[in-house]
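This report concerns only the one structure given below.
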Amino acid sequence: MNRKKHIPCLYMRGGTSKGPFFLENDLPADPKQRDALLLKVMGSPDPKQINGLGGASSVTSKVAIIGVSQRPDADVDYTFAQVSVDKPIVSYKGNCGNISSAVGPFAIERGLVKVTEPVTSVRIHNTNTGKIIVADVPVENGCVQYGGTFRIAGVAGSGAPIKLRFLDPAGTISDKLLPTGNPVDVLDVPGVGQVEASIVDAANPLVFVKAADLGLRGNELPSEFDQEILDRLETVRGVAAVKLGLITDYTRSAWDCPGLPKMTLVAPPMDYTALDGTRIPAENSDLTIRMMSMQKPHAALAMTGAMCTAAAAVVAGSVVSQVLRPQADTQYLRLGHPGGILEAGVDYTLDENGVQIADTFGFRTANLLMEGNVYCCE
């Protein structure tokens, strides 16, 4: 008879994503055993994830693994796991900025850091990228303050703002902001032709393409991305992945590197209707953006995607800079995504070697949804 094992976890929302958060020591040390466990926990592979905690979409099939850090510049180590919904794959390539916004609150809830009021700054070492994120978490009476009036697009209701700063974000899979050394590369894409793209590596690597160059407007909602469009976008992403040296066969991209680089469409500011029916006028954004997540259109915008976009915006000649509103304030870029507007900023300098990104930053909210044990068969 199979025995059920129980594992303590907090189920949390971070930004526009959510999933179970585990202490590192509560999971198997062996990577294969851990991945098998996480697939069971989330109910994958199954498009409905009916037998697990996953929510049948990439943004609700995420896991955070956290422990005390031994690094002098960090309080906790945080590993992000993207669990595929319909494939037996657990990917550790890249980070999730939205999930990152709940890591600080988790660390406080589990007593991993010293609490200070009114804000506790948690230094987070993301093991996926080797980068440091500083989360400024509101605290009241020794407890995380989740309630507040700050709203983010893509999440109903409001909460307390959590500021995230991605320090020295360039070079997560490479050693520089522009892995190819070029602000724009021309990709030879089978079935599409030559496509101009900017491959930028900050917080997470993204491949930016003008929506118009792929026959799209740029303000489409997720329901408008039919399979033909998705296949076209995945082919572009696969070719970019080959150029980055992540894979050797672009047709294997969905299996061999499903999460990176993230395919991103950009366009000038334009009117559009958000998923909740809100009309977003062109003057409310500095550019229009649509991002893919695990071969599906993102219902909002990944936080790391926003960070990378902020970095790409200050690279002269990049695809992002080409569509950006003239004289846009790079300290507070307004990114128009399907859920609404996300603001992101960047601190940078220019020298003889080009753009040097000190940090990118933005604001999210988080929420503790449930505390308990997850059960699965041994």
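The values are calculated or read from the model by the stated rules, or taken from the named source; none is laboratory data. On a predicted model such as this, the values are computed, not experimentally measured, just so you know. Glycine gets a Cβ as well: all are built from the backbone with ideal geometry, and neighbour counts include every protein chain shown.
Starting from residues that are touching an Asp or Glu at 6+ places or on another chain (Cβ under 6 Å) and more than 23 Å from residue 102 (Cβ to Cβ), keep the ones in the range 334-378 and report whichever is surrounded by the fewest Cβ atoms within 10 Å (Cβ to Cβ). Walk me through it before giving the result.
Quick first cut of the range 334-378, residues touching an Asp or Glu at 6+ places or on another chain (Cβ under 6 Å) only: 334, 347, 358-359.
Then keep just the ones that are more than 23 Å from residue 102 (Cβ to Cβ); that gives 334, 347, 358.
Details: 334: 18, 347: 16, 358: 13.
Result: 358.
Looking at the range 294-320, which of its residues are buried (at least 24 other Cβ atoms within 10 Å of the Cβ) and outside any helix (DSSP H, G or I)?
Scanning the range 294-320 gives 298, 300, 301, 302, 318.
Yes or no: the range 56-63 includes at least one residue that is over 19 Å from the mean Cα position of the chain (by Cα), buried (at least 18 other Cβ atoms within 10 Å of the Cβ), under 21 Å from residue 364 (Cβ atoms) and assigned by TED's automatic domain parsing to the domain that holds residue 112.
So in the range 56-63, the residues over 19 Å from the mean Cα position of the chain (by Cα) come out as none.
No, the range 56-63 contains no residue that is over 19 Å from the mean Cα position of the chain (by Cα), buried (at least 18 other Cβ atoms within 10 Å of the Cβ), under 21 Å from residue 364 (Cβ atoms) and assigned by TED's automatic domain parsing to the domain that holds residue 112.
Any idea which of 232, 217 is at pLDDT 95 or above and closer than 23 Å to residue 89 by Cβ?
On the way: 217 fails: closer than 23 Å to residue 89 by Cβ.
Going through 232, 217 in turn, just one is at pLDDT 95 or above and closer than 23 Å to residue 89 by Cβ: 232.
For residues in the range 131-157 being touching a strand residue (DSSP E or B) at 6+ places or on another chain (Cβ under 6 Å) and among the small types (Gly, Ala, Ser), which is modelled with the lowest pLDDT?
Of everything passing the filter in the range 131-157, 153 is modelled with the lowest pLDDT.
Can residue 103 be described as in contact (Cβ under 8 Å) with a residue 12 or more places away in the chain, in contact with a strand residue (DSSP E or B) (Cβ under 7 Å, 6 or more places away or on another chain) and either surrounded by fewer than 19 Cβ atoms within 10 Å (Cβ to Cβ) or not assigned by TED's automatic domain parsing to the domain that holds residue 292 (or both)? Spell out the reasoning first.
Working: in contact (Cβ under 8 Å) with a residue 12 or more places away in the chain: yes; in contact with a strand residue (DSSP E or B) (Cβ under 7 Å, 6 or more places away or on another chain): yes; either surrounded by fewer than 19 Cβ atoms within 10 Å (Cβ to Cβ) or not assigned by TED's automatic domain parsing to the domain that holds residue 292 (or both): yes.
Yes; evaluated as a whole, the condition is true for this residue.
Taking residue 82 as meeting all but one of (1) of a type outside the set (D, E, K, R); (2) part of a loop (DSSP other than H, G, I, E, B); (3) in contact with a Lys or Arg (Cβ under 7 Å, 6 or more places away or on another chain); (4) assigned by TED's automatic domain parsing to the domain that holds residue 370, write down the number of the exception.
Among (1) of a type outside the set (D, E, K, R); (2) part of a loop (DSSP other than H, G, I, E, B); (3) in contact with a Lys or Arg (Cβ under 7 Å, 6 or more places away or on another chain); (4) assigned by TED's automatic domain parsing to the domain that holds residue 370, the lone unmet condition for residue 82 is (2).
Return the pair list, or none, for Cβ contacts closer than 8 Å from residues in the range 23-37 that are without any contact (Cβ under 8 Å) to a residue 24 or more places away in the chain to residues that are surrounded by 15 or more Cβ atoms within 10 Å (Cβ to Cβ) and among the charged types (D, E, K, R), at least 6 apart or on different chains.
These pairs meet every condition: 28/34.
Here's the yes/no breakdown for (1) in contact with a strand residue (DSSP E or B) (Cβ under 6 Å, 6 or more places away or on another chain); (2) closer than 26 Å to residue 109 by Cα; (3) of a type in the set (Gly, Ala, Ser); (4) assigned to a strand (DSSP E or B):
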| site | (1), (2), (3), (4) |
| --- | --- |
| 336 | yes, no, yes, yes |
| 343 | yes, no, no, yes |
| 349 | yes, no, no, yes |
| 359 | yes, no, no, yes |
| 363 | yes, yes, no, yes |
| 367 | yes, yes, no, yes |
| 370 | yes, yes, no, yes |
| 375 | yes, yes, no, yes |
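Being touching a helix residue (DSSP H, G or I) at 6+ places or on another chain (Cβ under 9 Å), surrounded by fewer than 19 Cβ atoms within 10 Å (Cβ to Cβ) and in a loop (DSSP other than H, G, I, E, B) narrows it down to one of 8, 47, 72, 88, so name that one.
Values: 8 fails: in a loop (DSSP other than H, G, I, E, B); 47 fails: touching a helix residue (DSSP H, G or I) at 6+ places or on another chain (Cβ under 9 Å); 72 fails: touching a helix residue (DSSP H, G or I) at 6+ places or on another chain (Cβ under 9 Å).
Exactly one residue qualifies, and that residue is 88.
Yes or no, residue by residue, for (1) closer than 30 Å to residue 355 by Cα; (2) touching a strand residue (DSSP E or B) at 6+ places or on another chain (Cβ under 8 Å):
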{"position": "181", "(1), (2)": "yes, no"}
{"position": "186", "(1), (2)": "yes, yes"}
{"position": "213", "(1), (2)": "yes, yes"}
{"position": "223", "(1), (2)": "no, no"}
{"position": "236", "(1), (2)": "yes, yes"}
{"position": "247", "(1), (2)": "yes, no"}
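Name the single residue, out of those in the range 268-280 being among the hydroxyl-bearing types (Ser, Thr, Tyr) and in a strand (DSSP E or B), that is surrounded by the most Cβ atoms within 10 Å (Cβ to Cβ).
Keep residues of the range 268-280 that are among the hydroxyl-bearing types (Ser, Thr, Tyr), which gives 272-273, 278.
Checking which are in a strand (DSSP E or B) leaves us with 272-273.
Numbers: 272: 22, 273: 12.
Selected residue: 272.
Among the candidates 245, 277, which residue alone is more than 17 Å from the chain's Cα centre (by Cα) and within 21 Å of residue 175 (Cα to Cα)? Walk me through how you get there before you give the answer.
Details: 277 fails: within 21 Å of residue 175 (Cα to Cα).
That would be 245, the only listed residue that is more than 17 Å from the chain's Cα centre (by Cα) and within 21 Å of residue 175 (Cα to Cα).
State all residues of the range 329-354 that are touching a Phe, Trp or Tyr at 6+ places or on another chain (Cβ under 8 Å) and among the small types (Gly, Ala, Ser); if no residue qualifies, say none.
Of everything in the range 329-354, those that are touching a Phe, Trp or Tyr at 6+ places or on another chain (Cβ under 8 Å) and among the small types (Gly, Ala, Ser) turn out to be 336, 344, 345.
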